[in-house]
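Following: one structure in structure tokens, then a few remarks.
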């Protein structure tokens, strides 16, 4: 049975923890709003980009002039997996969700006898994947120092990916990140970057054919300028979604922690009061029985 | 009064402009071009330079853009810039940093890339001359 003093200390320490988690929740909520705004502000660009790309892709068609970034190398022996996670923990299952999803994918590829290369964006994913696939990780991108993710950060990753592709280091590139559905639900998602996924082209055919364009320079040249840019944009979008998701997950994790701390304080206070009362009663009995004995 | 059309200037970070304009001058790769209402559908890449926008109200706004491309339709024009700022808000040091970064990349770049980078630097320098009053 813990003594009164122990209980008191315990309550004080839980209270301190509760204060911290409460503050973290509030910070996460503020950051979440900003992250959501950033993700929303970036949306028009990626939407227009997709529309334009669809249009051009249609114009160029499937002939040989289409750049290799779009058609792929024609093989799928070597896979590049980009795993985007957060830099910090304390956000519930957010990071492990993405890492687990990526890990399953990599295992599957390895089982099929493919070669896999991994680029980690964010420290947490790197820490988790290092345990299983240390030899497969070829690079990691640290965004810890970055306060607000700008397009340059994504662009740098995009350039790196394209450089590797040009060197023939991989055939297929897949991006893993967490899609921000709402504050309480983030869905780990895989998106194929290279070759540009068929879904995009299919979406194009729906709304395309609106006009016969003039191209300046010709369509193929624009396309080869556009696709690397599109890759950077996709990475940028993934990073923004990730930040929003991380903050959402952190907010609900911290909310839970605060509530748990509250429950714990209630329980501890109850047993503290009971024990105090028991002690008072005991002392009274001692005094009364002492007086009776006289 | 010239006819007006919708003009949108979008950078990856945000939507900068979305309004009715009568005239837009775009620094296309193949030379500057002026877009007015009912332009033939055109798609073009753009180089670093200044986009001059004449709004329906008759005001002229200038934006510095660093590459991207434009999607022109009879009913409107969308400019997707890699990065864009209003000329008044352009920080000269940002421009210098970009030139610096491009120069650094120039070292050890391949032939084809080298010409492209040199061109890029020349364009940036020219942009600097236009935008920053000496």
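Each value in this text was obtained by applying a stated rule to the coordinates, not by laboratory testing. Remember, it's a predicted structure, so these values are computed and weren't measured experimentally. Counting neighbours? That spans all protein chains shown, and the Cβs are built from the backbone with ideal geometry, glycine included.
How many partner chain Cβ atoms sit within 10 Å of a residue's Cβ in peptide B:116-126, on average, as a whole number?
On the way: counts 0, 0, 0, 0, 0, 0, 0, 0, 0, 0, 0.
Per residue, the number of nearby Cβ atoms from other chains is 0 on average.
Give me the extension gain from residue A:287 to residue A:184: residue separation times 0.36 nm, minus the current Cα-Cα distance, reported in nm with one decimal. List each step's numbers first, then the result.
Numbers: separation 103, 0.36 × 103 = 37.08 nm, distance 5.81 nm.
So the chain would gain 31.3 nm between residue A:287 and residue A:184.
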Looking only at A:234, A:279, A:36, which one moves most when chain A is put into a Gaussian network model with springs between Cα atoms under 10 Å? A:279
Rounded to the nearest 5, what is the percent of antiparallel bridges among the DSSP beta bridges in chain A? 35
Please give, to one decimal in nm, the separation of the simple spin-label points placed at residue A:278 and residue B:34, each 7 Å out from Cα toward the Cβ. 9.3
Relative contact order in percent for chain B (Cα pairs under 8 Å, 6+ apart) equals 21
For chain A, set up a GNM with springs between Cα atoms under 10 Å and report which of A:38, A:219, A:278 has the largest fluctuation. A:278
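How would you rank B:64-72, A:131-139, highest first, on the average number of other Cβ atoms within 10 Å across their residues? Walk me through the numbers before you get to the answer.
Numbers: B:64-72: 23.6, A:131-139: 13.6.
Answer by packing, highest mean first, reads B:64-72, A:131-139.
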Taking every residue of B:4-12, the Cβ atoms of other protein chains inside 10 Å of its Cβ average out to 4
Relative contact order of chain A (C-alpha contacts under 8 Å, at least 6 apart) in percent is 33
Using 0.36 nm per residue of separation minus the Cα-Cα distance, give me the extension gain between residue A:144 and residue A:108 in nm, one decimal. 9.9 nm
Whole-Å distance, taken between Cα centres, linking the stretch A:233-281 and the stretch B:5-49: 50
Rounded to a whole number, the mean other protein chain Cβ count within 10 angstrom for residues of B:42-49 is 4
